[in-house]
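Student: One structure follows; several queries about it will come next.
The values are calculated or read from the model by the stated rules, or taken from the named source; none is laboratory data. Just so you know, these numbers come straight off a predicted model, no measurement behind them. Counting neighbours? That spans all protein chains shown, and the Cβs are built from the backbone with ideal geometry, glycine included.
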Amino acid sequence: MRRYLMLAAVAGMLGAGTASGHHSFAAIFDGERPLKLSGKVADVEWTNPHIHFSIDVEGDDGAVTRWRFEGYPPNMLVRQGWQRDVTLKPGDAITVEGWHARTEPNLGAARRVTLADGRTLAAGPPAGTGGR
Amino acid sequence: MTRWQTARRPLAALSFAAVLASPQVLRAQAIAANDEVPRTADGKPDLSGVWIATGAVLLFEGEEAYAAARAADEAAGRALPPNEPPPYKPEAEARRQEHLARQGIDDPMARCLLTGVPRIQFRPLPFEIVQLPDRTIILYEIHHAFRIIPTDGRPHPPDMEPTYLGESIGRWEGDTFVVDVRGFNDKTWLQGVGTVHSEALRVTERYTRDSFDTIVYEATMEDPVVFTKPWTLREIFRLRPDERIREYECIESNEDLVRFEELLQSGDEAFRAR
């Protein structure tokens with residue numbers, strides 16, 4: 001029941017039309033293609049209107065692929081406890097959950113990040129459909 | 001916050017209001033029942049403070065906080081009816097559907113243009129209201145935008161040219177702050193993808209601080225060029241006394257501009273709804 005209420009609340013929010021962030025999510029990212037990747041942080045761009053960060057993901061064959069992610073702007077991250085140069089640092093082992101970009105390979109929208117110490121922080125907005 | 005005053009209203013007004021169930025009366029009743037609504041020296045509810053749309057609570061504070069906020073509204077009798085889709089004439093609805101099919105790639109906001117009224121009130125970034133005797137000022141984190149809303153009885157300026165945020169004039173109707181906004185350009189979306197409008201747009205906003213922590217917000221949009229009837233949207237703003245307006249720079253790393261250009265050049269299939 002609790003879960004149902006939560007979903008209903010989220011659906012209500014979408015109906016109210018409070019869009020995800022600065023742009024229309026759906027033009028760039030595909031809310032139907034979720035991803036979850038673990039790797040080591042390669043770089044962090046603490047910029048507006050979105051931060052970007054990259055992680056190096058090692059495949060089963062040992063090959064390393066660099067994935068780049070987009071997230072909230074700094075002002076929204078700071079409100080949730082993020083600190084520049086502290087929360088995400090090059091070399092940190094993290095797991096990113098989010099969605100694939102529609103066309104650009106190895107680009108994703110980050111929804112949440114699980115840090116090496118086990119904390120999970122929101123990193124970006126929920127997926128949009130373009131209908132908001 | 002210490003300058004805020006409190007005021008008690010006669011209980012008689014409360015019981016009378018209970019008989020009449022119009023939204024305005026219910027809001028007045030809520031104010032009467034809550035002696036924590038701060039007031040300015042002239043007796044008006046003081047809207048001053050940092051506020052944020054309840055929809056943003058989901059982004060900032062998570063699903064549980066959002067559900068709790070909506071449940072609190074339900075319990076307090078301020079739950080909002082579902083918002084209706086825009087009552088567009090066929091031509092405007094066709095434009096909206098085209099924007100939806102294009103997945104919002106034409107969003108003016110994504111190009112860092114000023115977000116218009118009322119969309120700017122729904123953004124997931126806080127805004128600060130500064131209520132002064134002769135004007136009320138709204139400072140927005142998004143775009144670092146501001147609106148100066150005269151309340152000294154002056155009319156709209158005679159030299160209005162179309163703008164993104166229009167020209168606002170405020171007045172009080174009882175305990176509700178009413179803002180009449182005109183003089184818009186047609187370059188913004190009202191609220192949601194493809195919610196186009198014309199320069200004939202006129203927005204009437206109603207801000208009612210019905211408790212210490214909440215403002216009930218209602219925006220009625222009139223535009224005879226695109227609508228068959230007025231369109232009304234509602235939201236609850238929540239006080240964030242420990243928050244401040246932070247910096248928001250839109251264009252620094254706005255990669256959307258490059259991505260949009262690439263997508264548009266690569267053909268419709270790249271971004272159209274499947």
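Student: Out of B:Thr151, B:Thr188, B:Thr204, B:Thr136, which single residue is at pLDDT 95 or above and out of contact with any Leu (no Cβ under 9 Å at 6 or more places or on another chain)? I'd like the intermediate steps shown before the answer.
Tutor: On the way: B:Thr151 fails: out of contact with any Leu (no Cβ under 9 Å at 6 or more places or on another chain); B:Thr188 fails: out of contact with any Leu (no Cβ under 9 Å at 6 or more places or on another chain); B:Thr136 fails: out of contact with any Leu (no Cβ under 9 Å at 6 or more places or on another chain).
Answer to the check: B:Thr204.
Student: I'd like the residue in the range B:172-210 that is surrounded by fewer than 21 Cβ atoms within 10 Å (Cβ to Cβ) and small (Gly, Ala, Ser) and, out of all such residues, is nearest to B:Ala68 (Cα to Cα).
Tutor: Filtering the range B:172-210 for residues that are surrounded by fewer than 21 Cβ atoms within 10 Å (Cβ to Cβ) and small (Gly, Ala, Ser), the one nearest to B:Ala68 (Cα to Cα) comes out as B:Gly174.
Student: Return the residues of the range B:61-100 that are in a helix (DSSP H, G or I), in contact with a helix residue (DSSP H, G or I) (Cβ under 9 Å, 6 or more places away or on another chain) and of a type outside the set (Asp, Glu); say none if nothing qualifies. Give the steps one after another, and end with the answer.
Tutor: First pass over the range B:61-100, keeping only residues in a helix (DSSP H, G or I): B:61-75, B:90-100.
Narrowing the set further to residues that are in contact with a helix residue (DSSP H, G or I) (Cβ under 9 Å, 6 or more places away or on another chain) leaves B:61, B:63-71, B:73.
Across the range B:61-100, the qualifying residues are B:Ala65, B:Tyr66, B:Ala67, B:Ala68, B:Ala69, B:Arg70, B:Ala71.
Student: Working only within the range B:230-261, note down all residues that are basic (Lys, Arg), more than 7 Å from chain A (Cβ to nearest Cβ) and surrounded by fewer than 17 Cβ atoms within 10 Å (Cβ to Cβ). Quick ask: steps written out before the conclusion?
Tutor: Initially, the range B:230-261 is screened for residues basic (Lys, Arg), giving B:234, B:238, B:240, B:244, B:246, B:259.
From the residues that got through so far, the ones that are more than 7 Å from chain A (Cβ to nearest Cβ) too are B:234, B:238, B:240, B:244.
B:Arg244, the sole residue that qualifies.
Student: Among the residues of the range A:74-102, write down those that are surrounded by fewer than 17 Cβ atoms within 10 Å (Cβ to Cβ), more than 8 Å from chain B (Cβ to nearest Cβ) and among the polar types (S, T, N, Q).
Tutor: Across the range A:74-102, the qualifying residues are A:Gln83, A:Thr95.
Student: I'm checking my understanding of the structure. Among residues of the range B:150-172 that are within 14 Å of the chain's Cα centre (by Cα) and of a type outside the set (S, T, N, Q), which one is farthest from B:Met109 (Cα to Cα)? Lay out the reasoning, then the answer.
Tutor: At the first step, the residues of the range B:150-172 found to be within 14 Å of the chain's Cα centre (by Cα) are B:165-166, B:168.
Right, trim to of a type outside the set (S, T, N, Q) and you get B:165-166.
Numbers: B:Leu165: 13, B:Gly166: 16 Å.
Ranking the qualifying residues of the range B:150-172, first place goes to B:Gly166.
Student: Check whether at least one residue in the range B:143-160 is in a helix (DSSP H, G or I) and either surrounded by fewer than 19 Cβ atoms within 10 Å (Cβ to Cβ) or of a type in the set (S, T, N, Q) (or both), and report yes or no.
Tutor: Our first condition is that a residue be in a helix (DSSP H, G or I); within the range B:143-160, this holds for B:143-144.
Retained after the next criterion (residues that are either surrounded by fewer than 19 Cβ atoms within 10 Å (Cβ to Cβ) or of a type in the set (S, T, N, Q) (or both)): B:144.
There is at least one residue in the range B:143-160 that is in a helix (DSSP H, G or I) and either surrounded by fewer than 19 Cβ atoms within 10 Å (Cβ to Cβ) or of a type in the set (S, T, N, Q) (or both).
Student: Can I ask one more? Test B:Val130 against the stated conditions and say whether it is part of a loop (DSSP other than H, G, I, E, B) and modelled with pLDDT of 95 or more. Steps first, answer last, please.
Tutor: Numbers: part of a loop (DSSP other than H, G, I, E, B): no; modelled with pLDDT of 95 or more: yes.
So B:Val130 does not fit the description; no.
Student: Going by the conditions given, is A:Glu32 under 20 Å from B:Val258 (Cβ atoms) and at pLDDT 90 or above? Explain how you work it out, then say what you get.
Tutor: Working: under 20 Å from B:Val258 (Cβ atoms): no; at pLDDT 90 or above: yes.
The answer is no for A:Glu32.
Student: B:Ala7 is checked against (1) in a helix (DSSP H, G or I); (2) at pLDDT below 90 and fails just one. What number does that condition carry?
Tutor: For B:Ala7, the exception is condition (1).
Student: Among the strands (runs of 3 or more DSSP E) confined wholly to the range A:39-132, which include 2 or more residues that are in contact (Cβ under 8 Å) with a residue 40 or more places away in the chain and in contact with a Lys or Arg (Cβ under 8 Å, 6 or more places away or on another chain)? Quick ask: steps written out before the conclusion?
Tutor: Working: elements: A:52-58, A:64-70, A:93-101, A:107-114, A:120-122.
Hits in the range A:39-132: A:52-58, A:93-101, A:107-114, A:120-122.
Student: Take the range B:87-127 and flag every residue that is within 16 Å of the chain's Cα centre (by Cα) and farther than 17 Å from B:Asp256 by Cα.
Tutor: Keep residues of the range B:87-127 that are within 16 Å of the chain's Cα centre (by Cα), which gives B:109, B:114-127.
B:Gly116, B:Val117, B:Pro118, B:Arg119, B:Ile120, B:Gln121, B:Phe122, B:Arg123, B:Pro124, B:Leu125, B:Pro126, B:Phe127 - these are the residues of the range B:87-127 that are within 16 Å of the chain's Cα centre (by Cα) and farther than 17 Å from B:Asp256 by Cα.
Student: For the subset of the range B:204-229 comprising residues that are in contact with a Pro (Cβ under 6 Å, 6 or more places away or on another chain) and away from chain A (no Cβ under 14 Å), which member is nearest to A:Ala27 (Cα to Cα)? Step through it out loud before you land on a result.
Tutor: Here is the first cut: in the range B:204-229, the ones in contact with a Pro (Cβ under 6 Å, 6 or more places away or on another chain) are B:209, B:219-220, B:222, B:227-229.
From what is left, the residues that are away from chain A (no Cβ under 14 Å) are B:209, B:220, B:222, B:227-229.
Working: B:Arg209: 37, B:Thr220: 29, B:Glu222: 29, B:Phe227: 27, B:Thr228: 29, B:Lys229: 30 Å.
Checking each candidate, the answer is B:Phe227.
Student: Please tell me if B:Val50 is within 17 Å of the chain's Cα centre (by Cα), crowded, with 20+ Cβ neighbours inside 10 Å and within 27 Å of B:Glu141 (Cβ to Cβ).
Tutor: On the way: within 17 Å of the chain's Cα centre (by Cα): yes; crowded, with 20+ Cβ neighbours inside 10 Å: no; within 27 Å of B:Glu141 (Cβ to Cβ): yes.
Spelling it out, it is not the case that B:Val50 is within 17 Å of the chain's Cα centre (by Cα), crowded, with 20+ Cβ neighbours inside 10 Å and within 27 Å of B:Glu141 (Cβ to Cβ).
Student: Next up: Being part of a loop (DSSP other than H, G, I, E, B), touching a residue at least 12 places away in the same chain (Cβ under 8 Å) and touching a strand residue (DSSP E or B) at 6+ places or on another chain (Cβ under 6 Å) is true for just one of B:Ile251, B:Ile215, B:Ile236, B:Ile245. Which residue is that?
Tutor: Working: B:Ile251 fails: touching a strand residue (DSSP E or B) at 6+ places or on another chain (Cβ under 6 Å); B:Ile215 fails: part of a loop (DSSP other than H, G, I, E, B); B:Ile236 fails: part of a loop (DSSP other than H, G, I, E, B).
None of the other options fit; the residue is B:Ile245.
Student: Related question: Being more than 12 Å from the chain's Cα centre (by Cα) and either within 17 Å of B:Ile245 (Cα to Cα) or of a type in the set (Phe, Trp, Tyr) (or both) is the filter here, so list the residues in the range A:42-66 that pass it.
Tutor: Once the filter is applied, which keeps residues that are more than 12 Å from the chain's Cα centre (by Cα) and either within 17 Å of B:Ile245 (Cα to Cα) or of a type in the set (Phe, Trp, Tyr) (or both), the range A:42-66 yields A:Trp46, A:Asn48, A:Pro49.
Student: Suppose we filter the range B:62-90 for residues that are within 22 Å of B:Gln191 (Cβ to Cβ), in contact (Cβ under 8 Å) with a residue 24 or more places away in the chain and out of contact with any strand residue (DSSP E or B) (no Cβ under 9 Å at 6 or more places or on another chain); how many remain?
Tutor: Residues in the range B:62-90 being within 22 Å of B:Gln191 (Cβ to Cβ), in contact (Cβ under 8 Å) with a residue 24 or more places away in the chain and out of contact with any strand residue (DSSP E or B) (no Cβ under 9 Å at 6 or more places or on another chain): 0 in total.
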